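**Student:** Let me give you the structure first, and then I'll get to my questions.
The values are calculated or read from the model by the stated rules, or taken from the named source; none is laboratory data. Model, not experiment: these values are computed from the prediction. Ideal geometry is used to build each Cβ from the backbone, glycine not excepted, and the neighbour counts take in all protein chains shown.
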Amino acid sequence: MAGPYLRFDPDGELRPLAEADAAELFALTDRSRERLGCWLPWVDVVRTREDSAAFIRAAQKQAQAGEGFQFALRTGGRLAGVIGQHGLNRDQRIIDFGYWLGDGFEGRGLVSGGCRALLRHTFATLPVERVRLRAAPGNLRSRAVAERLAFRWVGVQRRAERVGDRWVDHCHYELSLEDWVRLQLPAGAAPRAGAQAAVAATTAVDDALDAEMADYYQARAEEYDDWYERRGAYAARPGHPEWFDALARLATVVCRFAQGLSPGAVVCDLGCGTGRWTAMLAERRDLRVVGLDRSTAMLGQARARLRRLDLSARLLAGDALEPPLGAASCHAALCGFLFDHLDDHQRARLLEGLGRTLRPDGCALFLANRREPRHVADVELQQRVLGDGRRFRVRKALFDAEGLRRALAPLGAATTGEAGAPFVWALVRRGHGADAPGRVTAAG
Ligand SMILES: C[S@@+](CC[C@H](N)C(=O)[O-])C[C@H]1O[C@@H](n2cnc3c(N)ncnc32)[C@H](O)[C@@H]1O
C-alpha cells in the first residue's frame, strides 16, 4: 500500500513506513535511545531490527483499516523520525498525533513542518474535527510544537503513562477543524494565530522559557507599544472593548502615585520597558526617576520616548531581581507588568531585592493584567506573535486583586484596586498598615 506522500518545508517529506525502512528505523531508534527513552515507553522494548519491522507491520494494518498512517519523516533522503496518527475515534471525531525525531535532527522545524502537512491531510481525509497532541510537562521541545502550531491547551492528565519505572503526566493540547481553517486564511484576513496554554505549577522553573522570554522582549521592543494600541490582544481573541477607558484609569493610578511622592524622591521603574510609565513619573520634574530593564532594545525605546517628550530619567540596564541600586536608596518603585511574568521563585527574589532597595517607609506600585473568568489556571504559557510572524512563549501568572495583595505580602501590606476589567493594581506602603493614612495614594 503506497499511501499519501506529503512534502513540506524545510526539505521534508512524509511517506507511510514500509518494511524496507525497518533497518534504518531500528538504527535511528537505537542511536537515539538515551534521549527518546526519557519520554517514550516503547523505546525500551525495541531491541532488534525485527522489533522495528513488527511496528511497521502493525502500522500497515492500521492503515489498511482506514485508521491513519505512521509516516517516515525524511529529510535530504535520510530517515529523521516518525510522525503518526493514532487512536482515531470516529464517534468523538478526534485523532492523536505522535512524533519523534532521532538524534541530530532536532531544532530544524521538521516536526512542526511535518505536523502542519499532516494536519492538512488529516482534516481533508479523515472524519475528525479535532487533533490532539500529548506531551510530558518537562518535554519542552514536544510541547513547543503544540504551541507553535496554535493548538489550544486542554489540561494535564496526571500519571498518564508509565515510562520505565516512573509515572509521567501528560499535557493535552487540541486543534479544532474550525481553528485550523481560520489559521489558514491569508495573512491580513486572518486573525493573529495564537494559542494559550496553562502550565502546571510544577513546570514553573524553566530556564529555556526564561531565555525565550528575554529574546522576546529584545525582539518585541520596537513594536511593544502596539500592545497598548491593539487593545491588549496578542492572539486570535479580540481585544477588550473597554480597553482604552481602562488604560486611562490605570494612567490615573500612576499619575496619582507620582503626585503623592515628596519632591526629590528617588523612584525606580522596575522592568520599565519602552518607558511608558517612566515618562509619566518623569513628568514630575522634581523627582529623580530611574528606569531599569534587562533588555537593551527596550531601553533604547525608553530613551527615545524621553527624548521626544523632553523628559529626563536615568536608564539602567540590569536585573530587576537584583536591582543594581544601593540599599534603601529609593523612596518609591513602580513595577508595571513584570511581576506577573515571573515564576514563584523569581517573584520572591524581586520582592527581596526591592525590600533592600526601598527605604523602610518607601512604597511600591504594581500593575498587572487581571485574572478573568476565562483563565483556568494560576499560570499560563501564552504565545506572542511578532509582526513578522515570529512566535515566542511567555509565562503569565494571573492575579485578581486579592491574589496580588497576598503575593506582595512579603514586601508589606497593600491596598489594591481594579482599573477596569483588564487591569489590577496594588500599592504597598512599607511601615504602614494597608489602611493607614499616608501621603501616597493610588485611588483611581
Ligand atoms: C511586559 S513588559 C512591561 C514594560 C513596562 N513596564 C510597561 O508596563 O509597559 C516587561 C518588561 O520587563 C523586562 N524584564 C523582564 N525580566 C526582567 C528582569 N529580570 N530584570 C529587568 N527587566 C526585566 C522586559 O525586558 C520588559 O521590558
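**Student:** Looking at the stretch 402-412, can you tell me whether even one residue there is surrounded by 18 or more Cβ atoms within 10 Å (Cβ to Cβ), assigned by TED's automatic domain parsing to the domain that holds Met280 and within 16 Å of the ligand (Cβ to nearest atom)? Outline the logic, then answer.
**Tutor:** Of all residues in the stretch 402-412, those surrounded by 18 or more Cβ atoms within 10 Å (Cβ to Cβ) come to 403-405, 407-408, 411-412.
Still in the running and assigned by TED's automatic domain parsing to the domain that holds Met280: 403-405, 407-408, 411-412.
Narrowing further to those that are within 16 Å of the ligand (Cβ to nearest atom): 404.
For the stretch 402-412, residues surrounded by 18 or more Cβ atoms within 10 Å (Cβ to Cβ), assigned by TED's automatic domain parsing to the domain that holds Met280 and within 16 Å of the ligand (Cβ to nearest atom): present.
**Student:** Take the stretch 141-182 and flag every residue that is of a type in the set (A, V, I, L, M), assigned to a helix (DSSP H, G or I) and crowded, with 17+ Cβ neighbours inside 10 Å.
**Tutor:** Taking the stretch 141-182 first, the residues of a type in the set (A, V, I, L, M) are 144-146, 149-150, 154, 156, 160, 163, 168, 175, 177, 181.
Cutting the leftovers down to assigned to a helix (DSSP H, G or I) gives us 144-146, 177, 181.
Those that are of a type in the set (A, V, I, L, M), assigned to a helix (DSSP H, G or I) and crowded, with 17+ Cβ neighbours inside 10 Å: Ala144, Val145, Ala146.
**Student:** Another question, then. Looking at the stretch 352-393, which of its residues are surrounded by fewer than 21 Cβ atoms within 10 Å (Cβ to Cβ), more than 18 Å from the chain's Cα centre (by Cα) and of a type outside the set (Asp, Glu)?
**Tutor:** Gly353, Gly355, Arg356, Arg359, Pro360, Pro373 - these are the residues of the stretch 352-393 that are surrounded by fewer than 21 Cβ atoms within 10 Å (Cβ to Cβ), more than 18 Å from the chain's Cα centre (by Cα) and of a type outside the set (Asp, Glu).
**Student:** Let me ask something else about it. For the stretch 275-311: of the residues being touching a residue at least 40 places away in the same chain (Cβ under 8 Å) and in contact with a Lys or Arg (Cβ under 6 Å, 6 or more places away or on another chain), which is surrounded by the most Cβ atoms within 10 Å (Cβ to Cβ)?
**Tutor:** Checked the stretch 275-311; the qualifying residue surrounded by the most Cβ atoms within 10 Å (Cβ to Cβ) is Gly275.
**Student:** Sort out for me the strands (runs of 3 or more DSSP E) sitting completely within the stretch 350-401 that have 2 or more residues that are in the same structural domain as His331 (by TED's automatic domain parsing) and over 18 Å from Ala208 (Cβ atoms). Explain how you work it out, then say what you get.
**Tutor:** Values: elements: 358-369, 379-385, 391-397.
In the stretch 350-401, 358-369 are the strands (runs of 3 or more DSSP E) which contain 2 or more residues that are in the same structural domain as His331 (by TED's automatic domain parsing) and over 18 Å from Ala208 (Cβ atoms).
**Student:** Of everything in the stretch 402-421, what is among the small types (Gly, Ala, Ser) and part of a loop (DSSP other than H, G, I, E, B)? Give them in sequence order.
**Tutor:** Looking only at the stretch 402-421, we keep the residues that are among the small types (Gly, Ala, Ser), and these are 403, 407, 409, 412-414, 417, 419-421.
Those that are among the small types (Gly, Ala, Ser) and part of a loop (DSSP other than H, G, I, E, B): Ala409, Gly412, Ala413, Ala419, Gly420, Ala421.
**Student:** Let me ask you something else. If Arg349 satisfies all but one of (1) of a type outside the set (Val, Ile, Thr); (2) touching a helix residue (DSSP H, G or I) at 6+ places or on another chain (Cβ under 7 Å); (3) near the ligand (Cβ under 10 Å from one of its atoms), what's the number of the condition it fails?
**Tutor:** (2)
**Student:** Can you say whether Arg314 is free of Cβ contacts under 8 Å to residues at least 12 places away in the same chain and surrounded by fewer than 16 Cβ atoms within 10 Å (Cβ to Cβ), as far as the supplied structure shows? Walk me through it before giving the result.
**Tutor:** On the way: free of Cβ contacts under 8 Å to residues at least 12 places away in the same chain: no; surrounded by fewer than 16 Cβ atoms within 10 Å (Cβ to Cβ): yes.
Taking the combined requirement at face value, the residue does not satisfy it.
**Student:** Could you tell me whether the stretch 327-336 includes any residue that is surrounded by fewer than 19 Cβ atoms within 10 Å (Cβ to Cβ) and either part of a strand (DSSP E or B) or without any contact (Cβ under 8 Å) to a residue 40 or more places away in the chain (or both)?
**Tutor:** Here is the first cut: in the stretch 327-336, the residues surrounded by fewer than 19 Cβ atoms within 10 Å (Cβ to Cβ) are 327-329.
Still in the running and either part of a strand (DSSP E or B) or without any contact (Cβ under 8 Å) to a residue 40 or more places away in the chain (or both): 327-328.
Yes, the stretch 327-336 contains at least one residue that is surrounded by fewer than 19 Cβ atoms within 10 Å (Cβ to Cβ) and either part of a strand (DSSP E or B) or without any contact (Cβ under 8 Å) to a residue 40 or more places away in the chain (or both).
**Student:** Next question, about the same structure. Can you list residue pairs whose Cβ atoms sit under 7 Å apart, with the first residue in the stretch 207-231 being free of Cβ contacts under 8 Å to residues at least 60 places away in the same chain and more than 17 Å from Arg305 (Cβ to Cβ) and the second being away from the ligand (no atom under 11 Å from the Cβ) and assigned to a helix (DSSP H, G or I)? Count only pairs 6 or more apart in sequence or on different chains.
**Tutor:** Arg231/Trp243
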